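Below is one structure; the comments refer to it alone.
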Amino acid sequence: MKQKLADLYELQLVDIKLDSLEELRGDLPLIVNELNAQMKVLQNNIDAKQVDKYSAQTKREENDNQIKLHAENLTKYKAQLYKVRNNKEYDALTKEIDFAENGIKELNKENDELETKILVYSDEINTIEKELEKLKIEFLEKEEELTKIIQSNEKEESRLREIRNKVAEKIKKLEMNTYCRIRKAKGGIAVASIVRGACSGCHSVIPSQRQLEIKKNNRTFNCEACGRILVSAEIALEVEQKTNL
Ligand SMILES: [Zn+2]
């Protein structure tokens, strides 16, 4: 039983160390993810506008070809006008000429509108690209900052993880579950020691009779005030001296 309490206390010490390493990273992982997501949104926006711009350009090129055909017809019909032999032929030709002229007019009007659209798309793409560029710079800065922190703690972290794995192996699944549950609910501290007659987790005074029972290391006790697992000051000291944390 004593060993079990010692193992739990050691696990707690390692986890406190690991938590403080994680704290060094602060909000950086969150910020990096957030910036990355924002960049994706902007890039999608740019892509969508580029598709719209491209289809406007394609339509304008098609119109240009159409205008060229109409113009060729127009030249042809106008030349034919001089050779008409009767009114019927004349009427038929003027109809074709009207059709071609109207066609050119409509297509030119549409092309003007397309040109305006293309300019607007280009402007919008330009604005978003500048925004994206700014975000990219910020992203790279934050990412570098985070990588530096992670790299500088890499060795220490893997050393702590190794110790944690070894201790965790010795702890039964049920106890581990309890430990994790209390740790989650109590700000990362599941195992408290008795310091000057009080729980080190919540500073509630432990009755002396209970302190004596805890010292016997016969069973686990939880702090009546905060619910954390309690270990005696002796076990705490032993573990702190034994482990190299
Ligand atoms: Zn407590």
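Taking residue 177 as the residue in question, decide whether it is farther than 24 Å from residue 20 by Cα and more than 16 Å from the ligand (Cβ to nearest atom). In short, no.
Inclusion of residue 144 among residues that are exposed (fewer than 13 other Cβ atoms within 10 Å of the Cβ) and acidic (Asp, Glu) is warranted. May I ask you to list pairs of residues, at least six apart or on different chains, whose Cβ atoms are under 9 Å apart, with the first in segment 182-211 being among the hydrophobic types (A, V, I, L, M, F, W, C) and the second being away from the ligand (no atom under 11 Å from the Cβ) and in a strand (DSSP E or B)? That search, which allows pairs on different chains as well, returns 191/231; 192/231; 194/231. Of all residue pairs spaced 6 or more apart or on separate chains, those with beta-carbon atoms under 9 Å, a first member in segment 212-231 that is touching a residue at least 12 places away in the same chain (Cβ under 8 Å) and a second member that is among the acidic types (Asp, Glu) and within 16 Å of the ligand (Cβ to nearest atom) are 219/213. Based on this model, can you work out whether residue 122 counts as under 28 Å from residue 9 (Cβ atoms) and not aliphatic (A, V, I, L, M)? Against the criterion (under 28 Å from residue 9 (Cβ atoms) and not aliphatic (A, V, I, L, M)), residue 122 does not qualify. Answer with yes or no whether residue 226 is within 16 Å of the ligand (Cβ to nearest atom) and surrounded by fewer than 17 Cβ atoms within 10 Å (Cβ to Cβ). Considered against the rule, which asks whether it is within 16 Å of the ligand (Cβ to nearest atom) and surrounded by fewer than 17 Cβ atoms within 10 Å (Cβ to Cβ), residue 226 comes out as no.
Looking at segment 200-212, is at least one residue within 12 Å of the ligand (Cβ to nearest atom), not in a loop (DSSP other than H, G, I, E, B) and not aliphatic (A, V, I, L, M)? Don't jump to the end; show me each part of the working.
Here is the first cut: in segment 200-212, the ones within 12 Å of the ligand (Cβ to nearest atom) are 200-206, 210.
Retained after the next criterion (residues that are not in a loop (DSSP other than H, G, I, E, B)): 205, 210.
Still in the list and also not aliphatic (A, V, I, L, M): 210.
Yes, segment 200-212 contains at least one residue that is within 12 Å of the ligand (Cβ to nearest atom), not in a loop (DSSP other than H, G, I, E, B) and not aliphatic (A, V, I, L, M).
The residue of segment 92-116 that is farthest from residue 61 (Cα to Cα), among those that are of a type in the set (Asp, Glu) and in contact (Cβ under 8 Å) with a residue 12 or more places away in the chain, is 96. Within segment 213-223, if we keep just the residues that are in a loop (DSSP other than H, G, I, E, B) and more than 12 Å from the ligand (Cβ to nearest atom), the residue that is nearest to residue 12 (Cα to Cα) turns out to be 220. Among the residues here, residue 109 does not qualify as of a type in the set (Lys, Arg), assigned by TED's automatic domain parsing to the domain that holds residue 52 and more than 27 Å from residue 64 (Cβ to Cβ).
Tell me yes or no: at least one residue of segment 153-172 is over 23 Å from residue 245 (Cβ atoms) and surrounded by 12 or more Cβ atoms within 10 Å (Cβ to Cβ).
Within segment 153-172, the subset over 23 Å from residue 245 (Cβ atoms) is none.
Looking for residues that are over 23 Å from residue 245 (Cβ atoms) and surrounded by 12 or more Cβ atoms within 10 Å (Cβ to Cβ), one finds none in segment 153-172, hence no.
Quick one: would you say residue 194 is within 13 Å of the ligand (Cβ to nearest atom), out of contact with any Cys (no Cβ under 9 Å at 6 or more places or on another chain) and assigned to a strand (DSSP E or B)? Full working, then the answer.
Numbers: within 13 Å of the ligand (Cβ to nearest atom): yes; out of contact with any Cys (no Cβ under 9 Å at 6 or more places or on another chain): yes; assigned to a strand (DSSP E or B): yes.
In short, yes.
The values are calculated or read from the model by the stated rules, or taken from the named source; none is laboratory data. Computed from a predicted structure; not experimentally measured. Backbone-built Cβ (ideal geometry, glycine too); neighbour counts: all protein chains shown.
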